[in-house]
Structures are given as structure tokens and as C-alpha cells.
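These notes are about the structure you will find just below.
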Amino acid sequence: MRKNVNSIDKVIRILLAVVLGILIFTNQVTGVLAIILGILAVVLLLTSFFSFCPIYALLNLSTIKKSEKV
């Protein structure tokens, strides 16, 4: 598993996950949409912690600069 998520991308993913979590726990979003957004928040957190995004891998993308891959 080669890393393909840089630090700025990680921060954005974590912030989005936190915002989604706040929306869910304050009942601003409920029902099926809350479940879907909760799953999305968990996926965003996992991809940021592992620095690996499967969608990026499928599309052969990376936000890490070549000089950072060392």
C-alpha cells in the first residue's frame, strides 16, 4: 500500500469528518442521510490516518509530490 495522500489532503479530510460528525450528533442531519454521512466520515478518517485513498489508487492519482515520496 503506497501512500498517496499528502498532509494538506489529510487535514481537509479530517476537518470534513469532524464537520459531518457534528452535523450528525447535533441532529442537524437524521435518518438514512445521517447513516451515509457517518460512513463517509469514517472513510475520510481512515484514509487520512493511513495516508492511502483507494479511489486515488484506482485512478493512479497522488497528492504527494515526487520529492516527498522518498
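Throughout, read-outs are computed from the coordinates displayed, never taken from laboratory work. All of these numbers come straight from a predicted model, not from anything done at the bench. Ideal geometry is used to build each Cβ from the backbone, glycine not excepted, and the neighbour counts take in all protein chains shown.
Assorted remarks:
- In the chain, the DSSP-assigned H stretches of four residues or longer account for a calculated mean residue ellipticity at 222 nm of -20500 deg cm²/dmol, using -39500 (n - 2.57) per stretch and the full residue count as denominator.
- Efficiency of FRET between Arg2 and Gln28 - r from beta-carbon atoms, R0 35 angstrom, step 0.05: 0.40
- Here the Karplus curve 6.51 cos²θ - 1.76 cosθ + 1.60, taken at θ = phi - 60°, turns the phi angles of region 18-26 into couplings of 5, 4, 5, x, 5, 4, 6, 6, 9 Hz, with x standing for Gly and Pro.
- Phi to ³J(HN,Hα) by Karplus 6.51 cos²θ - 1.76 cosθ + 1.60 over region 39-55, Hz, x for Gly, Pro: 5, 4, 4, 5, 4, 4, 5, 5, 5, 6, 6, 8, 6, 9, 10, x, 5
- Pairs of alpha carbons in the chain separated by more than 16 Å make up 51% of all such pairs.
- Positive end of the dipole of the chain (Cβ unit charges, origin at the Cα centre): among Val11, Ala57, Leu33, the Cα lying farthest that way belongs to Ala57.
- Highest mobility in the GNM of the chain, judged by mean-square fluctuation with C-alpha springs under 10 Å and restricted to Leu23, Leu46, Leu59, is found for Leu59.
- Near Ala17, once Lys and Arg are set to +1 and Asp and Glu to -1 for all other residues with Cβ below 13 Å from its Cβ, the sum equals +1.
- Taken about its Cα centre, the chain carries a charge dipole of about 340 debye when Lys and Arg each add +1 at the Cβ and Asp and Glu each add -1 at the Cβ.
- Net lengthening on full extension, Ile64/Val43 (0.36 nm per residue, minus Cα-Cα): 5.6 nm
- Each label point was placed 7 Å from the Cα along the Cα-to-Cβ direction; for Ala57 and Ile12 their separation is 2.1 nm.
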